[in-house]
1. Any residue at all in the range 104-117 that is among the acidic types (Asp, Glu), at pLDDT 95 or above, under 15 Å from the mean Cα position of the chain (by Cα) and within 20 Å of residue 150 (Cβ to Cβ)?
2. Does the range 66-84 contain at least one residue that is hydrophobic (A, V, I, L, M, F, W, C), within 23 Å of residue 19 (Cα to Cα), buried (at least 17 other Cβ atoms within 10 Å of the Cβ) and touching a residue at least 24 places away in the same chain (Cβ under 8 Å)?
3. If you go through the range 1-43 one residue at a time, how many are under 15 Å from residue 76 (Cβ atoms) and modelled with pLDDT under 95?
4. How about the range 169-196: which of its residues are among the charged types (D, E, K, R), farther than 13 Å from residue 134 by Cα and in a helix (DSSP H, G or I)?
5. Would you confirm whether any residue within the range 92-108 is buried (at least 16 other Cβ atoms within 10 Å of the Cβ), among the acidic types (Asp, Glu) and within 26 Å of residue 157 (Cα to Cα)?
6. Would you mention how many residues in the range 143-184 are on the phi < 0 side of the Ramachandran plot, in contact (Cβ under 8 Å) with a residue 60 or more places away in the chain and not acidic (Asp, Glu)?
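The values are calculated or read from the model by the stated rules, or taken from the named source; none is laboratory data. Please read all numbers here as calculations on a predicted model, not as lab measurements. Here Cβ is always computed from backbone atoms with ideal geometry, including for glycine, and neighbour counts include all displayed protein chains.
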Amino acid sequence: MRPVLPHIWQWSWFSPEKQLDFNGHLLHVGDHRVLVDPPPLSPQEMAEIRQGGPIDYIVITNRDHQREADRYREEFRCRVFAPEADAAAMTMEIDKTFTDGELLPGGIWVIQLQDQKTPGESALYLQHQGGIIIVGDAVIGDPPDSLRLLPPDKYADIEKAKRGLQRLLKYEFTTLLVGDGVCIWREAKSALQQILQS
């Protein structure tokens, strides 16, 4: 568990299958402590989270990022939030669904992205610290300091997927926290523009 920005911590679990880090994020937003797309936690990371106080809820950005959410709902006695458009296809019970444009507790805005791998794929937007966007599978941080899309066969239409991601460029942000790969800490909007123009 490492602090990466004021009030934001990250931990990672290496996926042998994908050969990438799967990242989870702990946000302390307003009066709320929130986990996003949590991969496995080590006992030490679990203890560090507990020391900070209770977790209010877990956010899942898409149906494929359930990861350890069901387990940690029990561990932390919190609720799980997930995209309404993906909820029916998930293998766990969801406590609350969200839709595009919704403001989650703590000031987290939901941006639903069209024509992605799953119908509910959503980004999360925080307006502070120059703007922060958190994504699940929308883009991958690989190789380091750059971004890429998922393989073309993951989309019904990759050009439509790119157009769907253009929506993120309407927001002001400098940091992009990715669920898979390496996060972009500076000039993230430019990095996203580059892959959408290619």
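1. Our first condition is that a residue be among the acidic types (Asp, Glu); within the range 104-117, this holds for 115.
So of that shortlist, the ones also at pLDDT 95 or above come out as 115.
Narrowing further to those that are under 15 Å from the mean Cα position of the chain (by Cα): none.
Checking the range 104-117: not a single residue is among the acidic types (Asp, Glu), at pLDDT 95 or above, under 15 Å from the mean Cα position of the chain (by Cα) and within 20 Å of residue 150 (Cβ to Cβ).
2. We begin by selecting, within the range 66-84, every residue hydrophobic (A, V, I, L, M, F, W, C); these are 69, 76, 78, 80-82.
If we keep only those that are within 23 Å of residue 19 (Cα to Cα) as well, we get 69.
Those still in the list that are buried (at least 17 other Cβ atoms within 10 Å of the Cβ) too: 69.
Filter once more, so that each one left must be touching a residue at least 24 places away in the same chain (Cβ under 8 Å): 69.
Scanning the range 66-84 turns up at least one residue that is hydrophobic (A, V, I, L, M, F, W, C), within 23 Å of residue 19 (Cα to Cα), buried (at least 17 other Cβ atoms within 10 Å of the Cβ) and touching a residue at least 24 places away in the same chain (Cβ under 8 Å).
3. 1
4. Within the range 169-196, 170 is the sole residue that qualifies.
5. Within the range 92-108 (the criterion being buried (at least 16 other Cβ atoms within 10 Å of the Cβ), among the acidic types (Asp, Glu) and within 26 Å of residue 157 (Cα to Cα)), the answer is yes, since at least one residue qualifies.
6. Here is the first cut: in the range 143-184, the ones on the phi < 0 side of the Ramachandran plot are 143-144, 146-180, 182-184.
If we keep only those that are in contact (Cβ under 8 Å) with a residue 60 or more places away in the chain as well, we get 171, 175, 177-180, 182-183.
Now drop any that are not not acidic (Asp, Glu), which leaves 171, 175, 177-179, 182-183.
Matching residues across the range 143-184 total 7.
Conditions (1) of a type in the set (Asp, Glu); (2) surrounded by 13 or more Cβ atoms within 10 Å (Cβ to Cβ); (3) touching a strand residue (DSSP E or B) at 6+ places or on another chain (Cβ under 8 Å), marked per residue:
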| residue | (1), (2), (3) |
| --- | --- |
| 116 | no, yes, no |
| 125 | no, yes, yes |
| 132 | no, yes, yes |
| 136 | no, yes, yes |
| 142 | yes, yes, yes |
| 147 | no, yes, yes |
